[in-house]
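The values are calculated or read from the model by the stated rules, or taken from the named source; none is laboratory data. If you're wondering where the values come from, they're calculated on a predicted model, not measured in any experiment. Note: ideal-geometry Cβ built from the backbone for every residue, glycine included; neighbour counts use all protein chains shown. Areas reflect the complete protein model, heavy atoms only, side chains present, ligands, DNA and RNA absent. Shrake-Rupley method; radii C 1.70, N 1.55, O 1.52, S 1.80 Å.
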Amino acid sequence: MKRSLAGRIWPNATAAVLALVFAFPVYWMFATAFKPTQDILSEDPVWFPFHSTFSHFVTAVDAPNFWRLAGNSVLVTVVAVGLSLVIGLCGSFAIARMRFKGRKGILLTFMVAQMAPWEVMVISIYMIVRDADLLNSLLPLTFFYLLMVLPFTLLTLRGYVAAVPKELEESAMVDGCSRRQAFVKVVLPLLAPGLMATSLFGFITAWNEFPLVLVLNKEPGAGTLPLWLSQFQTQFGNDWGATMAAASLFALPILVLFLFLQRKAVGGLTSGAVKG
C-alpha cells in the first residue's frame, strides 16, 4: 500500500513542479502587463499587481498599424492552415488507403521536409520572392507558411486515416453511398480529433513565425503581429509594460484555442503518432 501511495505521489509531485516551472513565465508576462511602470522598474519584484492598470494595453493597441497587422496575421494563418488541412487530408487518405509506386518515397520526402530548418533557407526564399516582385505581399508569406505546416499535417493525418477500418467505408458503399459520400459521412467525422490536433499545430506555427516575415515584409502595414511585438522601444530603452501587454494580446488567441481543443488535440496527436 505504501509503495502504491509513493508511486502516485512522486509522479504527481514532479508533474506539479514542472507545471509551475513552465507556467511561471506565462504568469509573469500577464502580471507585468497589468503592473504600473513604477512596479515594473522597482528593485523589489512585485509578485502580484495589486494596483492594476490597463494603460499598457492601450499603448499596445494604439501602436501604428496594429489592427492592420492583426488582420494580416489572421488572414495568413487561417488561409495557410485551411489549405494545409484540405491538401493534407486528401494526400493522407491517398497514402493510407492506396498502394502505388513511389508511396514510400513521398512519405520520406515529407519527413525530410519536416526536419529541415526553415531558417537556413531564408536567403534563398528572399531571392525567389524578390525576383518575382512579390516582396511586402501576403501571397508568398501564405504560401511558405503552408509549406511549413503541410508535412506535419499530412504525416499526422495519414496515421489517423490508417486507424479507421476500411470496412466502415465498404459497408457505407454497400448501403448505396459513393466513395466520396462514404468518406464525408463515415470517415471524416472520425478524423475530427486528428484535424483539431494538426490545425492547432499549424495555427501556432504560422501565428508565431518571425524570420520570414521580417525578411519578406519589412514595409509598415505589410507584416504580421510578430513584427508589431518588436517595436515597443523608446529612446530610453524598452517599454516593458507595453511589450508584455502586446505579448499577452499576441499569446491570447493561442491560449484560448489550445484550451478549447486540448482534449481532442492530444488524442489526435497520440493516435496519429502510433497508428498506421
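Of the residues Pro220, Pro151, Pro193, which is in contact (Cβ under 8 Å) with a residue 60 or more places away in the chain and under 30 Å from Leu69 (Cβ atoms)?
Only one candidate qualifies: Pro220.
Select, from Ala80, Ala60, Ala19, Ala13, the only residue that is within 20 Å of the chain's Cα centre (by Cα) and assigned to a helix (DSSP H, G or I).
Of Ala80, Ala60, Ala19, Ala13, the one residue that is within 20 Å of the chain's Cα centre (by Cα) and assigned to a helix (DSSP H, G or I) is Ala80.
Considering region 205-234 alone, what residues qualify as being under 18 Å from the mean Cα position of the chain (by Cα) and under 15 Å from Leu146 (Cβ atoms)?
Once the filter is applied, which keeps residues that are under 18 Å from the mean Cα position of the chain (by Cα) and under 15 Å from Leu146 (Cβ atoms), region 205-234 yields Thr205, Ala206, Trp207, Glu209, Leu212, Val213, Thr224.
Considering only region 168-230, give the helices (runs of 4 or more DSSP H) lying wholly within it that have at least 3 residues that are among the small types (Gly, Ala, Ser).
Counting at least 3 such residues, we get 192-208.
Out of Pro45, Pro64, Pro25, report the one residue that is open to solvent by 50 Å² or more (accessible area, probe 1.4 Å) and either in contact with a Leu (Cβ under 6 Å, 6 or more places away or on another chain) or closer than 19 Å to Trp228 by Cα (or both).
Criteria check complete, one pass: Pro64.
Return the residues of region 101-159 that are part of a helix (DSSP H, G or I), under 18 Å from the mean Cα position of the chain (by Cα) and loosely packed, with under 13 Cβ neighbours inside 10 Å; say none if nothing qualifies.
Result: Met115, Glu119.
Which residue is surrounded by the fewest Cβ atoms within 10 Å (Cβ to Cβ), if the candidates are limited to region 67-100 and must be basic (Lys, Arg) and under 18 Å from Val161 (Cα atoms)?
Restricting to residues being basic (Lys, Arg) and under 18 Å from Val161 (Cα atoms), the top hit is Arg99.
Restricting to region 73-95, name every residue that is more than 10 Å from Leu154 (Cα to Cα) and touching a residue at least 12 places away in the same chain (Cβ under 8 Å).
Selection gives Ser73, Leu75, Val76, Thr77, Val79, Ala80, Val81, Leu83.
So which pairs qualify, if the first residue must be in region 47-67 and polar (S, T, N, Q), the second must be part of a loop (DSSP other than H, G, I, E, B), the Cβ gap must be under 6 Å, and the two must be at least 6 apart or on different chains?
Partner pairs satisfying both residue conditions: Thr53/Pro36; Asn65/Pro220; Asn65/Gly221.
Which number in (1) open to solvent by 30 Å² or more (accessible area, probe 1.4 Å); (2) modelled with pLDDT of 80 or more marks the one condition that Gln231 misses?
(2)
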